[in-house]
């Protein structure tokens, strides 16, 4: 499909007027016709679970931290049988407190 | 530094002076551009050797970065979990005699999923659902 709509920003050294192809989309900072993740939620969680009720499993990133006001560290949460996991309604097995980022799949 | 580009700030933040954390968009930094997303199911023989399946093909000509979430076999409970974890992971018990592993990987043409589990319970067929996102951005050219 011809891409004669939307905004494009190219990386330094690449022609922004060039038509993006499968092989050259990586040369753009952003392309209006190419999807990108949208952040659904980004913030602290003071519980061991977070209910999103999205109806699908979101892409997520979870970090253990020590405070929701004055954190001194962010540590990627343990990926083990007892660690963080997702369902279509919740993110569970979070440490308390934590910092959570949920992304729409695309 | 080049003084061109586009910045969009969050409400209440001065786009000319605020930090990057207060910018919604800053053209100096590439966004992850999504090539494809999808779901699938891998069915494999538990207590068997490694299983390796094709998840998706692509024609990028370079190795893309990707995100992969998968259901998993809980070796502690000896049962399938319908929750999703980020892969790769490797779980082991009993000094490594009881294991489950999930290892997606990409090449210049494919995204594949290698999975396996062993508990000695005699369970045969296991089906795990997975979710993936492939990006246009290669791991060496961000």
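Some points to look at:
- Restricting segment A:63-88 to residues that are modelled with pLDDT of 95 or more and closer than 26 Å to residue B:117 by Cβ, the residue that is farthest from the other protein chains (Cβ to nearest Cβ): A:88
- Residues that are assigned by TED's automatic domain parsing to the domain that holds residue B:45, touching a helix residue (DSSP H, G or I) at 6+ places or on another chain (Cβ under 9 Å) and closer than 26 Å to residue A:61 by Cβ do occur in segment B:56-63.
- Elements of the type strands (runs of 3 or more DSSP E) sitting completely within segment B:79-126 and holding at least 3 residues that are farther than 14 Å from residue B:44 by Cβ: these cover B:79-86, B:89-93, B:98-106.
- For segment A:1-41, the set of residues classified as within 20 Å of the chain's Cα centre (by Cα) and more than 9 Å from every other protein chain (Cβ to nearest Cβ) consists of A:32, A:33, A:38, A:39, A:40, A:41, listed by residue number.
- Count - residues of segment B:42-59 that are within 14 Å of another protein chain (Cβ to nearest Cβ), surrounded by fewer than 20 Cβ atoms within 10 Å (Cβ to Cβ) and in a loop (DSSP other than H, G, I, E, B): 1
- Unmet requirement for residue B:78, which otherwise passes all of (1) within 18 Å of residue B:105 (Cβ to Cβ); (2) more than 10 Å from chain A (Cβ to nearest Cβ): (1)
- Any chance residue B:110 is more than 8 Å from every other protein chain (Cβ to nearest Cβ) and either over 27 Å from residue A:35 (Cα atoms) or buried (at least 18 other Cβ atoms within 10 Å of the Cβ) (or both): no
The values are calculated or read from the model by the stated rules, or taken from the named source; none is laboratory data. Quick caveat, the model's predicted, so the values are computed rather than measured. Glycine gets a Cβ as well: all are built from the backbone with ideal geometry, and neighbour counts include every protein chain shown.
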